[in-house]
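Everything below concerns the one structure shown next.
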Amino acid sequence: MKLLLQEGLGQTFWNTLTITGHIEARGRILADLPFPDFQTAIWEDISGMGIGHLSGGLLRAHGLDEGGEPEKDIGGHDTMWFALRDMAFGEVDYPEPAVPETIGRPEGQLALPPEIPEGHARAISFLLNLLLIEFRAELGFQLTEDLLRDPELFQERRAEAEHAAEIVGRIRADEDIHVSSLRLLLGELRHVHFRAPDGSRVPGHTLVDPIWEGIVRWATVDQPKLAAEQQKEMLTKRILAHPEGARILTAFHALEESPA
Ligand SMILES: [Fe+2]
Ligand SMILES: [Fe+2]
C-alpha cells in the first residue's frame, strides 16, 4: 500500500477507507436487531451477566458507535471514516468503489447446533462472526493509522494526515471496547449450560466452540487465499494502467512475502 501511495496510485487506499466507512454503517443494525431472551434457553440465572442485558442497551450502544444516529444528524464510525479519508486525500475524482455484500463467513455455510432453539444458535453465531470481524478490523485499522502517520506519505498534507490518523485512533479505542464486550458475552455463553429439549444440560462451550472453529477456519485459511487472488488480479490491472506500470509492478512483486 505504501508503494502504491508513493507512486501516486492512491485509489486502492482511498477505496479501502471508503469501503470501511460503508461497512461500519452496516454495523448500525446492532442497534435495532431483536435478540432472543437467553434466559429461556439457559439453566443458570443470567440476570447478573452481560448476556442478561443484550437487549437492555449493550448492543444498541455498540450499533450506535458503528453507524451513529443519522436521523439526528449524529455520525458514527461510518462518517468518521469518510471525514478522515477526505482530510488525508483532499479532493479526488475516484469513482465510488463497490462494497462487498458480506465480510463475515456466509451464514448458509455454517452448521448450527441442533440442541438449542435456532434463534439462540443464530444469535451465538452472529456474535462470534462479529467478534472475528472486529479482530480483523483492528489489524486493518492499525495498518491504516500507520500509513497515515508515515512521514514519507501524504507529504503535501502531513498535518491533515496526522489529524486523520488521530481519528482512526479514536475509532480503534471504541472497537477495543466492542472486542472486550463481545469476549465477555461469548465467554459467559461458553460458561453457562443450555436446556436441551430432552431436559438435559448442554455445556455452552460444546455449542460455541465448534461454531467459532468454523468461523476462524474460514477467516484464516479458506478466505485469505481467495481474497489474495482477487486482490492481486485487481491491483495488477490498476498498476499496469500507470504510465510506468511495468516498473511499479516489478517493485510490487518484489515486496511479496513468501508463504510461511
Ligand atoms: Fe466501528
Ligand atoms: Fe466495532
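What follows draws every value from the coordinates through simple rules; no lab data is involved. Note that the coordinates shown come from a computational prediction; the quantities given were computed from them, not determined experimentally. Positions of Cβ are backbone-derived with ideal geometry, glycine not excepted, and every protein chain shown enters the neighbour counts.
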Log entry: pair-distance distribution for the stretch 201-247, C-alpha pairs binned every 5 Å from zero, whole % per bin is 5, 18, 13, 12, 11, 10, 8, 7, 6, 5, 4, 2, 1, 0
With Rh as the Kirkwood radius over Cα pairs, the stretch 132-260 has Rg/Rh of 1.14
Longest principal axis of the chain (C-alpha) makes with the long axis of helix 58-67 (C-alpha) an angle, in degrees to the nearest 10, of 20
Summing -39500 (n - 2.57) over every DSSP H run of at least 4 in the chain, dividing by its residue total and rounding to the nearest 500, the 222 nm mean residue ellipticity is -19500 deg cm²/dmol
Residues 233, 44, 69 in order from fewest to most other beta-carbon atoms within 10 Å are 233, 69, 44
Convex hull around the C-alpha positions of the chain: the volume in Å³ per residue is 142
If the chain between residue 61 and residue 172 were fully extended at 0.36 nm per residue, the gain over the current Cα-Cα distance would be 38.4 nm
